[in-house]
Amino acid sequence: MALDLKSYPLPVARTVADLRAEVAVWRSQGVKVALIPTMGALHDGHLSLGRMARHHAERVVYSIFVNPKQFGPNEDFDRYPRTEPEDAAKLWKARADLLFAPSPREMYPEGFATAIQVSGVTEDLEGAFRPGFFGGVATVVSKLLLQCLPDFAFFGEKDYQQLLTVRRMVRDLDIPVAIMAGPTLREQDGLAMSSRNAYLTREERAVAGQLNVIMAETVKALEAGKEPAANLADSIARLKRLGFDAVDYFTLRDAETLAPLDHLDRPGRLLAAVRLGGTRLIDNMPVNYS
Ligand code: PAF
């Protein structure tokens, strides 16, 4: 049964002016504000960011905007789940203070002509497989931050490269906000929570749960001193045997710069992107060195 958004008394701002008016009242009360940018289809990973935010700020704003600029022409923009009434109900239950849910026209009015490009950390991995993705993310996130001007903005570590990109951008553009990271939340079998998991068929879902298992084993072997190249190649072969249709990357990187790491001689990050049918899954895990 479709939920009626009106039954949930969560305030919703549809325009930048309404968002700013609401935030101005809080500012006049001297309270701190946290923003959690999302594209909706909220799961516990998103809600856990709100719980974290409560430790830092008295007011928590979620934005929901399926940002057309971060989808390539053959990607899932049209079928990306749009579940605003259900999302509003979850946010209301989680005691969020405001939902900012602008229209595409509000975010990108006629004549919009600006793009934010972050180089370096965006150029490989997701940037190689999804040209235009990080430009779209940087553009919309910079807008959301400037529209709301929060004290804190929260992003999930699940999108690790995105997190580093936003941190770089905020530093480079002197946007006065503290970027905070929340840990990846996982399903019972360890699959990283993602709005895109909804695309998986039952059979694909069973296979998907193996990604984090192989990743965790790879991390253990790397931390035990196994040589990265052989270890990673072995894991990729195992993923293919398990039924993943393609492995876009499965790679050990410097945790800060994302430069390839041939030897584990500093903090690393194992990053993976795989395909199962029409669904692309990404995940990452820290790799400690001693
Ligand atoms: O991670 C997401 O959901 C999106 O990339 C973000 C940060 C909300 C920008 O559209």
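Assorted remarks:
- Qualifying positions in region 171-193 - in contact with a helix residue (DSSP H, G or I) (Cβ under 7 Å, 6 or more places away or on another chain) and part of a loop (DSSP other than H, G, I, E, B): Leu173, Ile175, Val177, Pro183, Thr184, Leu185, Asp189, Gly190, Leu191, Met193
- Of residues in region 161-181 being more than 11 Å from the ligand (Cβ to nearest atom) and crowded, with 21+ Cβ neighbours inside 10 Å, the one farthest from Val213 (Cα to Cα): Met169
- Single unsatisfied condition, Leu163 versus (1) in a helix (DSSP H, G or I); (2) under 22 Å from Glu106 (Cβ atoms): (2)
- When Phe155 is tested against (1) more than 10 Å from the ligand (Cβ to nearest atom); (2) in a strand (DSSP E or B), just one condition goes unmet, and that condition is (1).
- Hits in region 119-152 (condition: part of a helix (DSSP H, G or I), closer than 21 Å to Val274 by Cβ and more than 10 Å from the ligand (Cβ to nearest atom)): Glu126, Gly127, Ala128, Phe129
- The set of residues from region 27-65 being of a type in the set (Lys, Arg) and surrounded by fewer than 22 Cβ atoms within 10 Å (Cβ to Cβ) comprises Arg27, Lys32, Arg51, Arg54.
- Residues being within 14 Å of the ligand (Cβ to nearest atom) and not in a loop (DSSP other than H, G, I, E, B) - total across region 55-80: 7
- Tally of residues being of a type in the set (Ser, Thr, Tyr) and either part of a helix (DSSP H, G or I) or touching a His at 6+ places or on another chain (Cβ under 8 Å) (or both) across region 5-54: 4
Laboratory data are not the source of any read-out in this text; all were calculated from the coordinates shown. Because the structure is a prediction, the values reported are computed rather than measured. Note that each Cβ is placed from the backbone with ideal geometry, even for glycine, and that neighbours are counted across all protein chains shown.
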